[in-house]
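Taking it in order: structure first as structure tokens, then the write-up.
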Amino acid sequence: MSKGWWWVAVGAVVVAAWVARGGDSPKTTDAPKAAATVETPKPSAPPKPSAEASTEWYRNYDPAQFAVPVRKAAGRAGVSPQLLMAILYNEDYKPHNPQLERSWQHLKPDAAFGIANMHRAAFDDTKRGRSFAGRNWDELPDHPELAIEAAAWHLHDLAARVPRRTGGKFSKDELLALGYNTGARNMRAFAAGAKPGSQAQSYLDDLHKNLPKATKAITG
């Protein structure tokens, strides 16, 4: 999960194609003049669709918009909603535009998908015996609530692999975050006293920075 220049390059390709199609520029028309003596009432705003229902949920993306699905998924999986939300913030280092994700996946077939950046193997292992067992990994970019559900149960499965006795250096939630980032085997090594490498430590540092706003998003 490197943070790098490649998202800029992929984005440039997609943006160029978008511009070539004409972008979002609206057509201009001559508006009729309203009668000076008539006051037209403002129409009431339509009901706001859920984040999942909106086809443009990824524009100005903020994980906090999925606070309700996060709380529900965390409750079903028996994990901390604050931790789950903080992980979504941790995984917000790249754009989650589905088109961009799929464009990058063509260049890097083992890339992660969805707002929780889950790899195919992790998703396929996690979905077994679950309510979303019939869903596919390649649906994650378009279905953020599926990505949240899968991430919650993946944390649940990692929790079952945390040793009963640990070195006490990390809390259980810290170990789960490290497991989410580096895998269950490394998580158990950290629990036994191994020192995280630079990438794992950076992920843990980001988690600490993101926990306050994750808590605010969940409880606010």
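When the solvent-accessible area of segment 81-123 is split by element, carbon and sulfur atoms take up 55 percent of it, the probe being 1.4 Å. Modelled spin labels at Lys108 and Lys209, positioned 7 Å past Cα toward Cβ, are 1.9 nm from each other.
The values are calculated or read from the model by the stated rules, or taken from the named source; none is laboratory data. Predicted, not measured: the structure shown is a model, and the values here were computed from it. For neighbour counting, all protein chains shown are included, and Cβ atoms are generated from backbone atoms with ideal geometry for every residue, glycine included. In case anyone asks, the SASA skips ligands and DNA or RNA and just uses the protein heavy atoms, side chains included. Shrake-Rupley method; radii C 1.70, N 1.55, O 1.52, S 1.80 Å.
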